[in-house]
Structure formats: structure tokens, C-alpha cells
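All remarks here apply to the structure that follows.
The values are calculated or read from the model by the stated rules, or taken from the named source; none is laboratory data. Remember, it's a predicted structure, so these values are computed and weren't measured experimentally. All Cβ positions, even for glycine, are placed from backbone atoms using ideal geometry, and neighbour counts span all protein chains on display. Heavy atoms of the whole protein, side chains included, go into the accessibility calculation; ligands, DNA and RNA do not. Shrake-Rupley method; radii C 1.70, N 1.55, O 1.52, S 1.80 Å.
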Amino acid sequence: LQGKDEIARLDRVFRQMAGSLEEAIRKERAVVENAADVICSIDSEGKFLAINPAVEKILHYQPQELIGARLVQYVHADDVEKTLAVISQSQSEIDELILENRIRHKDGNYVDMLWSLHWSESERSTICVLHDITARKELERLKRDFVAMVSHDLRTPLTSIGGFFSLLQAGAYNELSDSGKRSLTNVDATLNR
């Protein structure tokens, strides 16, 4: 409205507010749509209500394929019970909950995911952020395997050396001097440690 009366000023204020709200919504939508992590909402029945495009990069599903589908269809069978328990718990918790589970990729393999869940009373749904931790899990597995291999590869020759020292202490290869016995005791203690 043109003019300088109260109605015209009120009209300008409302238009500015509407413009500000539209800008805020546009920015929020841009953040969600361009996020690297999957962001979704799940209703109280465990169905996807909304999901951002990051699901295409991480799991290779189109968002439309998942909307309306039950989450448990995509969760590894061993993780279904704990996943449902945490989602149910999120509806009564004020704090954010954390969950690790495996979600089926479109190719049939499973991806390790770290979930952050928060119940939104106004939306009547659980808002979730899913981060792909497959690489981290693989690194942890490789580290465990490496430590097991190194400890096995060290233990085998150290056991042989320990057996040889036991024979030396028993005098199987002639009697040792007092100095030799002390050195052997120190070496044996170090070997055991």
C-alpha cells in the first residue's frame, strides 16, 4: 500500500517480515540440501517422512525411494532391535541420542553409520543426522588386525628365546658365572615384560 498512514507502514513491515522469513527458509533449505551427511525425519511408526539429497551420495537411493518406507527394511538384521529401541527412547528424551548401526546400500552391502537423533515435538518425528563411519570402522579393524599380527609375530620368537634362556639357567649348556647368571636374570625379566 502507498502512503504514510499506519496501514501502509504495517503493510511494509509485514512485507519485510515475509521477505526475511522466505530468505531464512531458503538458507535453511540450502544447508539441508547441500549437507554432506544424511538428514532425515522419521515418524513414530519408523517411516521416513523426509530425507535430504545426501542419501544419493552415501547410500545411492533417491530420496523418493525412501520416503514412506520403514527404516527397519534398510537396517542390518543384527542392528534392528537396538535401532528401534533408540528411536523409541528418543521420543521421551530431551537430550540428543547417539546410535551406531549398519544401513543397507543400494548395491546390497552395508554402510556403518553414526546417528544423532532428536525428537521434535512440533514435527511429531525424530530428526536424524547420519554420518558415514565405514572408513573409520575399517581403519579400526585394520589396526586391531595389525596389533594381533605383530603381537603374534613377536610372541613366537620371544617364546623360543625364553625357552633357550630357561635352558641356560638350568645349566643345560654348562654352568654360568655369577655375572652371567645376573645378566641372564635381567634379560629374562626384560623378555617377560
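Relative contact order (percent) for segment 1-96, with alpha-carbon contacts under 8 angstrom and 6 or more residues of separation? Before the final figure, lay out the partial values.
Numbers: 75 pairs, mean separation 15.3, N = 96.
Relative contact order comes out at 16 percent.
Can you give me the C-alpha center-to-center distance between segment 38-78 and segment 94-113, rounded to a whole angstrom?
Here the two parts' Cα centres lie 10 Å apart.
Checking a compactness column here: for segment 1-63, what do you get for Rg(Cα) / (2.2 N^0.38 Å), N being the number of residues?
Scaled against compact globular proteins, the figure is 1.80.
Quick one: which residues, 5+ away or cross-chain, put their amide H under 5 Å from the amide H of residue 105? H built at 1.01 Å from N.
Counting only residues 5 or more places away or on other chains, the set is 110, 111.
With everything on Cα atoms, drop me the angle between helix 6-33 and the longest principal axis of the chain, reported from 0 to 90° to the nearest 10.
Long axis of 6-33 versus the principal axis of the chain: about 30 degrees.
How fast does the chain diffuse by Stokes-Einstein, in µm²/s, taking the Kirkwood radius from C-alpha pairs at 4 °C and 1.567 mPa s? Write out the running numbers ahead of the final one.
On the way: Rh = 22.4 Å.
For these conditions, the coefficient is 58 µm²/s.
Using only alpha carbons, build the gyration tensor for segment 91-193 and give me the equivalent ellipsoid semi-axes, biggest first, whole Å. Walk me through the numbers on the way to the answer.
Values: eigenvalues 700, 58, 12 Å².
Semi-axes from the Cα gyration tensor: 59, 17, 8 Å.
Rounded to the nearest whole Å², what accessible area per residue is found for the chain with the 1.4 Å probe?
Details: 13270 Å² over 193 residues.
It amounts to 69 Å² per residue over the chain.
As an exercise, identify the GluC sites (Glu not before Pro) in segment 2-63 lying in DSSP coil whose Cβ has no more than 11 other Cβ atoms within 10 Å. Intermediate values should be presented prior to the final figure.
Working: sites: 6, 22, 23, 28, 33, 45, 56; in loops: 45.
Here the sparse-neighbourhood loop sites are 45.
How large, in percent, is the carbon and sulfur part of the accessible surface of segment 57-193 at a probe radius of 1.4 Å?
On the way: 5090 of 9200 Å².
Ligands and nucleic acids excluded, carbon and sulfur reach 55 percent.
Please find, in a Gaussian network model of the chain (springs between Cα atoms separated by less than 10 Å), the residue of 155, 136, 12 whose mean-square fluctuation is greatest.
Comparing 155, 136, 12 in a Gaussian network model of the chain, the most mobile one is 12.
Dividing the Cα radius of gyration by the Kirkwood radius, what Rg/Rh value follows for segment 33-143? Please list the in-between numbers first.
Numbers: Rg = 13.4 Å, Rh = 14.1 Å.
With Rh from the inverse mean 1/r over Cα pairs, Rg/Rh is 0.95.
Grab the beta carbon distance between residue 12 and residue 118, set R0 = 35 Å, and tell me the FRET efficiency rounded to 0.05. Before the final figure, lay out each step's value.
Details: r = 37 Å, r/R0 = 1.07.
After rounding, the FRET efficiency stands at 0.40.
Which is farthest toward the positive dipole end of the chain among 49, 74, 191, measuring Cα position about the Cα centre, with Cβ charges +1 (Lys, Arg) and -1 (Asp, Glu)?
191
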